[in-house]
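These notes are about the structure you will find just below.
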Amino acid sequence: MQQQALVFALIGILGTGAQWIAWRTGWPAIALMLAAGVIAGPVTGLVVPEHTFGDLLEPMISVAVALILFEGGLSLNFRELRKTEGAVTRLMVVGIPLGWVLGTLACYYIAGLVWPVAILFAGILVVTGPTVVIPLLRQSNIAPRPRAILKWEAIVNDPFGALCAVITYEYLRRVGDGGTLLSVVAALLAAAVVAGLIGYGAARAIAWAFPRGHVPEYLKAPVLLVAVISTFVVSNLIQQETGLLAVTVMGVAIANMRLDSLRDIHPFKENVTVLLISGVFVLLSASLDFSVLRQFEWRFIAYLLALLFLVRPATVLLSLAFSKIPWNERLLVAWIAPRGVVAVAMSGLFALRLDQLGYGDGSILVTLSFSVVVATIVAHGFSIRYVARLLKVTGARKKGLLIVGSTSWSLSLANQLRQLDVPVMIADTSWQRLSVARQAGIATYHGEILAESTEERLDLAQFQVLVATTDNEAYNALVCNEFAPDIGRDAVYQLGGMGDDEDHRSLPEALRGRAMFASGIGVQEIAEHERAGWTFRKTRISEQFDFADAQATLPDEADMLFVLRKEGRILFFTHASRPMPQPGDTVISYGPPRRLEPEPGRNDSENREAIA
């Protein structure tokens, strides 16, 4: 028991540690998690999953994959699907069968597998799992449409890849008893329909119970978690491997039922998914056996090259032929197809079953599947940014700043940011208040920023910071609290953010954004400063002119606002955070107009010129 607890802790440290390093360095998280598992498992022997967990290992991984697919399904909104111009539908209807056929030919003629094993393995490889695609997209700056295509394809294809493998296996198992392909396919399709109905029924039950108060708030996340696991298990009892389809349908159905309760438990689901992805990846890579890898043959390299450069590109390009998707986006989707947890888990499962049926090549599946996973993770993980940049399908070149509230002060701030070549957008519900920004050429968003439709109309991924500057401090706090989970708690700022948690008349700090300015001045003070003619000043920090020198040149009343790093990152001065500018950074301050004392010997005209 103690050993299992230690292994659990080590897996958590390795998985989350790898993701943290990926966040700090920009390296692909999936590659780091894979390396961490290999080092902990076959290299050092610290983690031996089969020995530690025994027969529980397979169901643990299966349930984890089901929860990952469900959470992924919750992020699939049909409004986002419409943006893909039918690409996801084409990749399902045309791409899955085409990829299965082309993959089978490559497995047979290049990898040298016998026909039954080649057909089964190719069915498994039609998947591009969310366990690898979602972390990859999270770390890369991809344009919205190809990002949506890759995410939808990864989540939707996973259960269908499993079904392809199950159809092949069931046919091989029953053919000796006189079963036909038609009867096997018909039975499995019927089971898939039943699984889909179970998933949809579970979603409807949740959608009925949650809004009517039949489940208290503190139990909604646990009830949802148990409902997903139960749906997965019940579907698998009817037909093995249909549980993945059931939980995917359940997630997509709930996502499009607009349940207000899901907004509150969304952070919990994301946190659980990050932990599961980290743990499962470390577990599977730690299970790798070097003795199995010795079965690797040189012809497998040719197979991997064919998979990367022939099978996947041909599948995507033929599926998207004559579609509205631009060529550069088609090429990016054709290149990105990393395989992960489902491919490895399914290969290991069917390797044992094929051996029992007398197909010797079944044992090679584990070696080949790990080779595919490693090759695709390394190739796609390290190249996605460069390929996206080469094909010009990246998002905004620089992540900018979103200002909520069009005021004279926010317009001055926006103009200052534009002078620094920082992308900026002002959002407001009043078309009239936005007119000055439009005339100045500043990007605007007309609408209620808190409306549900904002998610569809405004891509928040293009912003690194949100600033709420309306004349209503409570509304500013509401905006910051709403967008903190998406942009980051340390990246949402507001005017009037300071307050005393001991004062029952002020909002608690947990509900507010970070207070702008080190002094934490509010809306009224800003209005007074504007009437007094306060202005923004920018100061470039260098080796010869440091931050102390910059402060010395400012009036005593001036407030530091933010630091613009050389790489484009914006760090605000707040009452709790005071970034230290470095050479090459630019400091923006806000203070009263500069007043010069008349110098002896100068006339009024000369003094006016000096002040100007």
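The values are calculated or read from the model by the stated rules, or taken from the named source; none is laboratory data. If you're wondering where the values come from, they're calculated on a predicted model, not measured in any experiment. Cβ sites come from the backbone with ideal geometry, for glycine too, and all protein chains shown count toward neighbours. Protein only, heavy atoms only, side chains kept; ligands, DNA and RNA dropped before computing areas. Shrake-Rupley method; radii C 1.70, N 1.55, O 1.52, S 1.80 Å.
Overview of results
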read-out	value
Residue match in segment 520-536 (condition: within 30 Å of Glu455 (Cβ to Cβ) and either at pLDDT 85 or above or in contact with a His (Cβ under 6 Å, 6 or more places away or on another chain) (or both))	yes
Qualifying residue in segment 171-179 (condition: outside any helix (DSSP H, G or I), at pLDDT below 85 and open to solvent by 10 Å² or more (accessible area, probe 1.4 Å))	yes
Output for segment 537-572, where each listed residue is under 28 Å from the mean Cα position of the chain (by Cα) and part of a loop (DSSP other than H, G, I, E, B)	Arg565, Lys566, Glu567, Gly568, Arg569
Inter-residue pairs, beta-carbon under 8 Å, first over 25 Å from Tyr171 (Cα atoms) and open to solvent by 10 Å² or more (accessible area, probe 1.4 Å) and in segment 231-257, second hydroxyl-bearing (Ser, Thr, Tyr) and outside any helix (DSSP H, G or I), 6+ apart	Ala255/Ser75
Residue list for segment 180-208, restricted to those being modelled with pLDDT of 85 or more and β-branched (Val, Ile, Thr)	Val193, Val194, Ile198, Ile206
Of all residues making up segment 158-194, the number that are under 30 Å from Ala22 (Cα atoms) and touching a Gly at 6+ places or on another chain (Cβ under 8 Å)	2
Segment 529-563, subset basic (Lys, Arg) and open to solvent by 30 Å² or more (accessible area, probe 1.4 Å), residue farthest from Pro581 (Cα to Cα)	Arg531
Verdict on Val117 being under 24 Å from Val378 (Cα atoms) and part of a helix (DSSP H, G or I)	no
Members of segment 128-150 that are under 21 Å from Gly279 (Cα atoms) and either open to solvent by less than 10 Å² (accessible area, probe 1.4 Å) or not polar (S, T, N, Q) (or both)	Thr128, Gly129, Pro130, Thr131, Val132, Val133, Ile134, Pro135, Leu136, Leu137, Arg138
Exclusive hit being part of a loop (DSSP other than H, G, I, E, B) and at pLDDT below 90, set Arg339, Arg353	Arg339
Failed criterion for Val65 (all others in (1) under 21 Å from the mean Cα position of the chain (by Cα); (2) open to solvent by 60 Å² or more (accessible area, probe 1.4 Å) hold)	(2)
Residue in segment 79-94 that is over 24 Å from the mean Cα position of the chain (by Cα), within 22 Å of Leu365 (Cα to Cα) and open to solvent by 40 Å² or more (accessible area, probe 1.4 Å) present	no
Failed criterion for Ala510 (all others in (1) more than 35 Å from the chain's Cα centre (by Cα); (2) at pLDDT below 85; (3) assigned to a helix (DSSP H, G or I); (4) of a type outside the set (Val, Ile, Thr) hold)	(1)
Per-region count, segment 105-127, residues surrounded by 22 or more Cβ atoms within 10 Å (Cβ to Cβ) and within 15 Å of Tyr359 (Cβ to Cβ)	11
